[in-house]
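The values are calculated or read from the model by the stated rules, or taken from the named source; none is laboratory data. Quick caveat, the model's predicted, so the values are computed rather than measured. Because the Cβ atoms are built from the backbone with ideal geometry, glycine has one as well, and the counts that use them run over all protein chains shown. In case anyone asks, the SASA skips ligands and DNA or RNA and just uses the protein heavy atoms, side chains included. Shrake-Rupley method; radii C 1.70, N 1.55, O 1.52, S 1.80 Å.
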Amino acid sequence: MISRFIAALALAVAVPAMASTTTPELKVKTLDGKPFDLAAQRGKWVVVNYWATWCVPCIKEMPDISAFVTSRKDVVAIGLAFEDSDPNDIRAFVAKHPVTYAIAQVDVMAPPKDFDTPKGLPTTYLIAPDGHVAKRFVGPVDAAKLNEAIAKGK
C-alpha cells in the first residue's frame, strides 16, 4: 500500500518536471495548406491548443485565445483539431468560429510524438521563447492564466 503511494507520488512529481524541460518538435500543415514549424517560432511564446469541434469549453476559449494572441506581439498560437472529422467539416466550423491563429488537424491515432496525448480537451501547452514547455493546462485557458504563466516563466 505504501509502495503504491510512493510510486504515485513519484510519478506526480516527475511528470511536471519532465514537461517543463522538454523541448518539443511540432511540424504540421495548417488547414489553409501552410506549414507550421514550432522551431521557427523561437523567440516568441507559443500557445499550442488541442481542441475539438464537439468540445463546448474548447469553443468557449477560442475567442479568448484569439484575443490574447492579437493583444501581444510576443505570442503566437496554433490550434490543433484533435478529432477524426473530415478536414472540410473542420474548415466549415472554423469559418463559423473564426480565430486569428493557425489551425491544423492532427491524427487522433498518431498525435504529434513530442506532446502527450490529451487526456481531456481542451489541453493547452505554453511554449517558452527558448522552446521548452513552460506550462501545460488541462481545461479552458484565458488571458489571465496565460499572462500569469508567462510572468512566472520570465
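Here Gly153 fulfils each of the conditions (1) in contact with a strand residue (DSSP E or B) (Cβ under 7 Å, 6 or more places away or on another chain); (2) at pLDDT 95 or above; (3) surrounded by 13 or more Cβ atoms within 10 Å (Cβ to Cβ) apart from (2).
If the condition is being open to solvent by 30 Å² or more (accessible area, probe 1.4 Å) and of a type in the set (Phe, Trp, Tyr), then the range 54-81 contributes only Trp54. Figure legend. Inter-residue proximity from the range 88-111: first residues farther than 17 Å from Asn49 by Cα, second residues modelled with pLDDT of 95 or more and hydroxyl-bearing (Ser, Thr, Tyr), beta-carbon distance below 8 Å, spacing 6+ or different chains. Indicated pairs: Asp89/Thr53.
Among the residues of the range 112-143, those identified as out of contact with any helix residue (DSSP H, G or I) (no Cβ under 8 Å at 6 or more places or on another chain), free of Cβ contacts under 8 Å to residues at least 60 places away in the same chain and open to solvent by less than 70 Å² (accessible area, probe 1.4 Å) are Thr117, Gly120.
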